[in-house]
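What follows is one structure encoded as structure tokens, with my remarks underneath.
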Amino acid sequence: MRHVIIGNSAAGVFAAEAIRRTRPDDTVIMLTDEDVPAYSRCLTSYFIAGLVSEEDMAIRPPDFYQRHSIDINYGCRVEGVDIRATMVYCASGRTISYDRLLVASGARPVFPDIPGISARGVHGLRTLRDARDISSRAAPGAPAVVVGGGLVSLKTAYGLLERGLQVTVVVSSSRVLSQVMDGVAAGMLQRRLEEHGMRFLLGQDAAEVSSSAEGEVTGVVLTGGTRLPAHLVVVGKGVTPNIDFLRGTPVAVNRGVLVNEYLESSVPGVYAAGDAAEAQDLLRKEPAINAVWPNATAQGELAGCNMAGERQAYRGSIAMNSVNFFGLSAITAGLNRAEGDGYEAHTWQDAARNDYRKLVFTGDRLVGYTLVGDTRRAGTLTSLILGEVRLGDRKEALIAGDRILM
């Protein structure tokens, strides 16, 4: 049997390993438009900061593909899939047949449709190539503008700050991390970054990117008319799944590829995992893309098992995020911003120690949390959410901060 995997990151690698464990004699082919072996995308901002090397980012040893008899194809951009003929078409003109297909192609940055956005020196951050390009322009003392107030934007801004650039973050909403955590937690992280020299402009957005006659970026014009000088601009306005090659196919798509509990699409034999897949959200009980590394690895492994002939059901994913800025850690999971009927939130804060805790419950089940400062209980709390544990009278002990036995 021929298994073709589009993608060479977390979901793709874990799927390939799962297939190989179960079907040692099957053919496994991986296609990637990048030029390097699998690496951790989570570390791209740390690469920009100069804290890790490319070698540090590798998630498997150099002989991984050979040792697992995987046919890895670099620089292979997929342009189309013929479901009837079970063929994948690459931009190079190559065609590849499959018996089982996994779409693990990840996502790409979204750029705003504004004048000048294609100037040299304007980047998104998703791949190692992006990180290399950003790093090559990161001249100490130079002005940099980061557009967007999400987690990727702040991690990138942190990396640039560590490299000695003058960093301004432009945020269209009234606060940073509005889609990730509540205002108290976000404010703590913003203040930590400001203490180290980062500048924030809230309630504004980029309206235009200015450039030189040679096409090099020189600045950003904001919606209010303010002009910011910039030697480098990084745009972090979200991502969209890399699934354009499925247009015109019968594979059902919403934001990502819609999959069932076996991570199989509407077309038998075609699976999806990771940031390209819209799978069950454990808590919301509806399809969602919870685009974080642990979810991608879990989905990839299970999809690989099912491609190899097993029948394992996926229980669902939850949203999770973690960050550390200059020694201040924060971790969120689940429905940590949920409010209103059916939800009960409990918060605790020690401002002097930069500690904050928020627990969100539905009845006696923990469904979300935010930890800033002391994050040592994150593992236990995540396990309670994933296990959908009914706490009973242990709920009050958890709210009080006591250690509980699961």
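The values are calculated or read from the model by the stated rules, or taken from the named source; none is laboratory data. Note that the structure is a prediction, hence the values are computed from the model and not measured. Glycine gets a Cβ as well: all are built from the backbone with ideal geometry, and neighbour counts include every protein chain shown.
Taken together, Gly12, Gly7 contain a single residue that is crowded, with 16+ Cβ neighbours inside 10 Å, outside the structural domain of Asp133 (by TED's automatic domain parsing), at pLDDT 95 or above and on the phi > 0 side of the Ramachandran plot, which is Gly7. Examine region 218-228 for a residue that is in a loop (DSSP other than H, G, I, E, B) and under 18 Å from the mean Cα position of the chain (by Cα), and state whether such a residue exists. Within region 218-228, not a single residue is in a loop (DSSP other than H, G, I, E, B) and under 18 Å from the mean Cα position of the chain (by Cα).
On the given criteria, is Val146 closer than 19 Å to Leu371 by Cα and modelled with pLDDT of 95 or more? Criteria not met by Val146. The requirement of being touching a residue at least 12 places away in the same chain (Cβ under 8 Å), of a type in the set (Ser, Thr, Tyr) and under 29 Å from Leu384 (Cβ atoms) is fulfilled nowhere in region 241-260; no residue meets it. Of everything in region 312-344 that is among the charged types (D, E, K, R) and assigned by TED's automatic domain parsing to the domain that holds Gly363, the residue that is modelled with the highest pLDDT is Glu344.
The condition (being of a type in the set (S, T, N, Q) and without any contact (Cβ under 8 Å) to a residue 40 or more places away in the chain) is satisfied by just one residue among Ser174, Ser97, Ser135: Ser174. Listed by position, the helices (runs of 4 or more DSSP H) contained in region 1-80 that have at least 3 residues being touching a strand residue (DSSP E or B) at 6+ places or on another chain (Cβ under 8 Å) are 10-22.
Residue-by-condition table, conditions (1) in contact with a helix residue (DSSP H, G or I) (Cβ under 9 Å, 6 or more places away or on another chain); (2) farther than 30 Å from Ile29 by Cβ; (3) acidic (Asp, Glu); (4) surrounded by 20 or more Cβ atoms within 10 Å (Cβ to Cβ):
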position	(1), (2), (3), (4)
Leu283	yes, yes, no, yes
Gly327	yes, yes, no, no
Tyr343	no, yes, no, no
Asp350	no, yes, yes, no
Val360	no, yes, no, yes
